[in-house]
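Each remark here refers to the structure printed beneath this line.
The values are calculated or read from the model by the stated rules, or taken from the named source; none is laboratory data. What you are looking at is a predicted structure, and each value in this text was computed from that prediction instead of being measured. Virtual Cβ from ideal backbone geometry, glycine too; neighbours counted across all protein chains shown. These area figures cover heavy atoms from the full protein model, side chains too; ligands, DNA and RNA do not enter into them. Shrake-Rupley method; radii C 1.70, N 1.55, O 1.52, S 1.80 Å.
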Amino acid sequence: MPAWGYHRDPPEFVTAGNYFLSLAVGIIAAHQASARILRTRGLRFLLIFACALGCAGLLWLALMTPPAHWAWRVVGLAVIGLALGLLNTALFHAVSANLARDHARTVILGGIYYGLGSLAVTLLVAGTFYVYKAPSVLILMAVTPAIFAGVYLQARIPAIAEETPPPIREVMRDFRNLGAVLFALLLFFQFGNEWSVAGWLPLFLVRRLGISPPASLWLLALFWVALLVGRVAAVPLLPKVRHGRMLGASVLAALCGCLLLELTNNKFGAAIGVLLAGGGFASVYPLVAEKIGHRFPYYNPGFFSGIFSFALFGGLLAPATLGYAASEWGIGVVMALPLIGTCMVFALLLLIWLEAKVTGR
């Protein structure tokens, strides 16, 4: 958004909210489409098609940067959301054996690569903010999915085994179960917190603290560094620290970080808040995903990709809501929603713990 000039006056927060909403709609649309493609064309085709679609969406955005009408960018972002949802399902199936062996470590490893990619793109935009225009950066970004489409085209990808779905009575019983609902809601709010900070932090810092767009992007890069370091550090701690304690400490750190970002009036306070928030968010999803795997061990990767897509939808619905709220109440509301969302995560963790104690699970 800073590269497209959304940090300037007049603020177009509603349009920015529409961008996130279009991404969320694309992700939800991909969930049903991915199942059909897997059934008819297989995993290899789904990987190639998702990468090619992502490349096409980024190239479309490069053509439709301002002053083109914002509605054209909404179309491109919906295509990217569709590609993201398809790729998400394909990758969950590709790593299904690893997920079956160790949920937490597998998801943390995926999160590390996700953090590296996010950090690389942020550094690219921050380092070239006054050098390259947004279309050039988007074209560079489009090269990555194009390369991977070629890699998957040449690679030998084994066919996935036919999966026997769990009995419908068992599925319905679990989804009437309070624990399953609480897990889904926790991931919904947690991804909403992460994407709200990642999506709006640069605009918030520019408009609230008056710092330059490149400086705000460097602070966003610091957020990804904290997230990345937190996930790397979590790997050796998993066998040594009780997971419940790690979850509680992570949520507490994230809560302090969001509160500090909301209250600070200087760059140093913002940097400390970013470090606490990123470090706190780092291990929440992997540990929760592992707990889901223990509670519902018979579910196949399609279930986890569905839960993950629901979480991604929450992750994009939250920053979309922030756009509409910021147009009404100002940019200060941007950090209020992650603060409330982190409180919700903490409350849901307590409810999950209480439900497990009551049911003996």
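For this structure, a couple of remarks:
- Residue in the stretch 90-109 that is at pLDDT 85 or above, in a helix (DSSP H, G or I) and among the hydroxyl-bearing types (Ser, Thr, Tyr) present: no
- Within the stretch 227-248, the set of residues being open to solvent by 60 Å² or more (accessible area, probe 1.4 Å) and either closer than 20 Å to Ala270 by Cα or hydrophobic (A, V, I, L, M, F, W, C) (or both) comprises Val229, Val232, Leu237.
- Residue pairs meeting the criteria (Cβ under 7 Å; at least 6 apart or on separate chains; first of a type in the set (Ser, Thr, Tyr), in the stretch 4-31; second in a loop (DSSP other than H, G, I, E, B)): Tyr6/Glu12
- Residue count, the stretch 1-26 (criterion: outside any helix (DSSP H, G or I) and either open to solvent by less than 20 Å² (accessible area, probe 1.4 Å) or in contact with a His (Cβ under 9 Å, 6 or more places away or on another chain) (or both)): 4
- Which listed residue is closer than 30 Å to His243 by Cβ and of a type in the set (A, V, I, L, M, F, W, C), from Ala97, Ala16: Ala97
- Among the residues of the stretch 38-88, those identified as hydrophobic (A, V, I, L, M, F, W, C), under 16 Å from Ala149 (Cα atoms) and out of contact with any Leu (no Cβ under 8 Å at 6 or more places or on another chain) are Leu43, Phe45, Ala52, Cys55, Ala56.
- Identity of the residue in the stretch 89-103, of a type in the set (Gly, Ala, Ser) and in contact (Cβ under 8 Å) with a residue 40 or more places away in the chain, that ends up least open to solvent (accessible area, probe 1.4 Å): Ala90
- Some residue of the stretch 67-76 being more than 21 Å from the chain's Cα centre (by Cα), open to solvent by less than 50 Å² (accessible area, probe 1.4 Å), closer than 19 Å to Tyr6 by Cα and not aliphatic (A, V, I, L, M): no
- Scanning the stretch 59-73 for residues that are closer than 17 Å to Asn18 by Cα, out of contact with any Ser or Thr (no Cβ under 7 Å at 6 or more places or on another chain) and in contact (Cβ under 8 Å) with a residue 24 or more places away in the chain yields a count of 4.
- The number of residues in the stretch 81-127 that are more than 20 Å from Leu201 (Cβ to Cβ) and among the aliphatic types (A, V, I, L, M) comes to 17.
- A single entry from Leu124, Leu86 fulfils the requirement of being under 29 Å from Leu217 (Cα atoms), crowded, with 22+ Cβ neighbours inside 10 Å and out of contact with any strand residue (DSSP E or B) (no Cβ under 9 Å at 6 or more places or on another chain): Leu86.
- Only one of the numbered conditions (1) in a helix (DSSP H, G or I); (2) in contact (Cβ under 8 Å) with a residue 60 or more places away in the chain; (3) over 13 Å from Ala52 (Cα atoms) is violated by Phe129, and that is (1).
- Pairing each residue of the stretch 261-284 that is within 21 Å of Gln190 (Cβ to Cβ) with any residue that is part of a helix (DSSP H, G or I) and basic (Lys, Arg), provided the two are 6+ apart or on different chains, yields C-beta distances under 8 Å for Ala282/Arg231; Ser283/Arg231.
- Members of the stretch 338-360 that are open to solvent by 50 Å² or more (accessible area, probe 1.4 Å), at pLDDT below 85 and not small (Gly, Ala, Ser): Phe346, Leu350, Leu351, Trp353, Leu354, Lys357, Val358, Thr359
- Residue match in the stretch 27-49 (condition: surrounded by 20 or more Cβ atoms within 10 Å (Cβ to Cβ), closer than 15 Å to Ala320 by Cα and at pLDDT below 90): yes
- Residues located in the stretch 259-278, provided they are over 15 Å from the mean Cα position of the chain (by Cα) and under 15 Å from Trp224 (Cα atoms): Ala270, Ala271, Ile272, Gly273, Val274, Leu275, Leu276
- Selection of the stretch 262-276 for residues being open to solvent by less than 60 Å² (accessible area, probe 1.4 Å) and at pLDDT below 90 yields Glu262, Thr264.
- The one condition from (1) modelled with pLDDT under 90; (2) buried (at least 16 other Cβ atoms within 10 Å of the Cβ) that Trp224 does not meet is (1).
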